[in-house]
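Here is the structure we will look at.
The values are calculated or read from the model by the stated rules, or taken from the named source; none is laboratory data. The model shown is predicted, which means the values in this text are computed figures rather than measured ones. Virtual Cβ from ideal backbone geometry, glycine too; neighbours counted across all protein chains shown.
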Amino acid sequence: MDAKEIIVNLGERSYPVLVGSGCVNEIASYVRPTVKKVAIVTQESIGVDIETGKEQKTFYLPIGEHGKSIETIKELCSSWVNWGLTRSDVVIAVGGGMVTDVTAFAASIYHRGVAVINMPTSLLGMVDAAIGGKTGVNLPEGKNLVGTFWQPQAVICDIETLTTLPEKEWKCGYGEIAKYHFIGAGDLRGMELELQITECIKLKTDIVAQDEREGGKRAILNYGHTLAHALELENQFSLGHGEAVAVGIRYAAQVAFALGRIEESRVQYHEEVLNHFNLKYVLPSQVDAGRILALFERDKKAQDGITFVLDGENGVELVKVENQNILRNALEVIQ
């Protein structure tokens, strides 16, 4: 096994992120000796076998974003109770971002908190969703509006699990990689996949170590996400998360340009990077601009009006946007 271990430095709650090929076989070494039961949470389509050397049972989540709900959390926790999972045991999430988000949220509230290990099997999960401790589920009113901060005990990123990803999931992952390109990871184009993943993880772990609860710098990890979350809801999740992020990144560049934060050449550079990763950045047809603007106000970053992470002379930062005409006009530009 050839793997690299990156530490998320959070004092007593620090944990490793292992990246490499074949590191699924190392997962047992991250299970504490005192653990008696291991609950493995996954989806039937994932097909990754985990061996921990402990008594273990697999629990399956529904396929699709509709399963990212309070009802799923209730059913999962009830299943754990019936099996006899205790606070001293551990839960292992095996799957994409939906699986790690739901599983970690359930773990954070089950018996007021049980340890969780994330094993992302999607590119998006490896570079973003499984790292940093943000958990959550959706409400009909918005994305990830109910959740907790619950840091995992470890994150295991086995590159070999990506070999069966469908094209849509690759694009979702590259949408997030494009985001990291703009928020400080440097030029990720032309790198081998494992190095791209590692560089994204290094940046995210550094940001999380500085701002665990998203009180400041961590907000930049939401670059492109304000429109993305609205599009996901408006289009009933026909767009994958990373696909929506790509559109959101181009939109954020347009808003920044309209506000005089960046030049037109910088907008064009955004398009060049998105094109490199073969990402579309045109607004889906039949989008209701009024509905999108209303969803902006429900975004979890919104505290005193609509806020966006926008590019500028000092890099990306959180900006309050009061002029809704700018937001509406920017939507027209990317149609």
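Taking into account only those residues within the range 249-289 that are free of Cβ contacts under 8 Å to residues at least 60 places away in the same chain and either among the basic types (Lys, Arg) or touching a Lys or Arg at 6+ places or on another chain (Cβ under 6 Å) (or both), which is nearest to His181 (Cα to Cα)?
My answer is Arg266.
Yes/no matrix, rows are residues, columns are (1) assigned by TED's automatic domain parsing to the domain that holds Lys143; (2) among the polar types (S, T, N, Q); (3) buried (at least 19 other Cβ atoms within 10 Å of the Cβ):
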residue: Asn278; (1), (2), (3): no, yes, no
residue: Tyr281; (1), (2), (3): no, no, yes
residue: Asp288; (1), (2), (3): no, no, no
residue: Leu293; (1), (2), (3): no, no, no
residue: Val309; (1), (2), (3): no, no, yes
residue: Gly312; (1), (2), (3): no, no, no
residue: Ala330; (1), (2), (3): no, no, yes
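Looking at Ala209, Ala219, can you tell me which residue is buried (at least 18 other Cβ atoms within 10 Å of the Cβ), aliphatic (A, V, I, L, M) and not assigned by TED's automatic domain parsing to the domain that holds Ser108?
Of Ala209, Ala219, the one residue that is buried (at least 18 other Cβ atoms within 10 Å of the Cβ), aliphatic (A, V, I, L, M) and not assigned by TED's automatic domain parsing to the domain that holds Ser108 is Ala219.
Going by the conditions given, is Ala185 touching an Asp or Glu at 6+ places or on another chain (Cβ under 9 Å) and either modelled with pLDDT of 95 or more or in a helix (DSSP H, G or I) (or both)?
yes
Out of Ile73, Ile7, I need the residue that is over 23 Å from Thr164 (Cβ atoms) and exposed (fewer than 14 other Cβ atoms within 10 Å of the Cβ). Which one?
None of the others qualify; the one that does is Ile7.
Please enumerate the residues belonging to the range 179-202 that are touching a Gly at 6+ places or on another chain (Cβ under 8 Å), closer than 16 Å to Ile249 by Cβ and of a type outside the set (Val, Ile, Thr).
The answer is Lys179, Gly184.
If you go through the range 130-151 one residue at a time, do you hit one that is over 20 Å from Glu214 (Cβ atoms), crowded, with 24+ Cβ neighbours inside 10 Å and not β-branched (Val, Ile, Thr)?
No, the range 130-151 has no match at all.
Which one is farthest from the chain's Cα centre (by Cα), of the residues in the range 89-147 that are closer than 18 Å to Arg32 by Cα and in contact (Cβ under 8 Å) with a residue 60 or more places away in the chain?
Val90
Mind listing whichever residues of the range 25-60 are without any contact (Cβ under 8 Å) to a residue 40 or more places away in the chain and either part of a loop (DSSP other than H, G, I, E, B) or touching a Gly at 6+ places or on another chain (Cβ under 9 Å) (or both)?
Ala28, Pro33, Glu44, Ser45, Asp49, Glu51, Gly53, Lys54
So which residues in the range 290-299 are part of a helix (DSSP H, G or I) and in contact (Cβ under 8 Å) with a residue 40 or more places away in the chain, if there are any at all?
Arg291, Ile292, Leu295, Phe296
Among the numbered conditions (1) surrounded by 13 or more Cβ atoms within 10 Å (Cβ to Cβ); (2) among the hydroxyl-bearing types (Ser, Thr, Tyr); (3) more than 30 Å from Ser238 (Cβ to Cβ), tell me where Thr34 comes up short.
(1)
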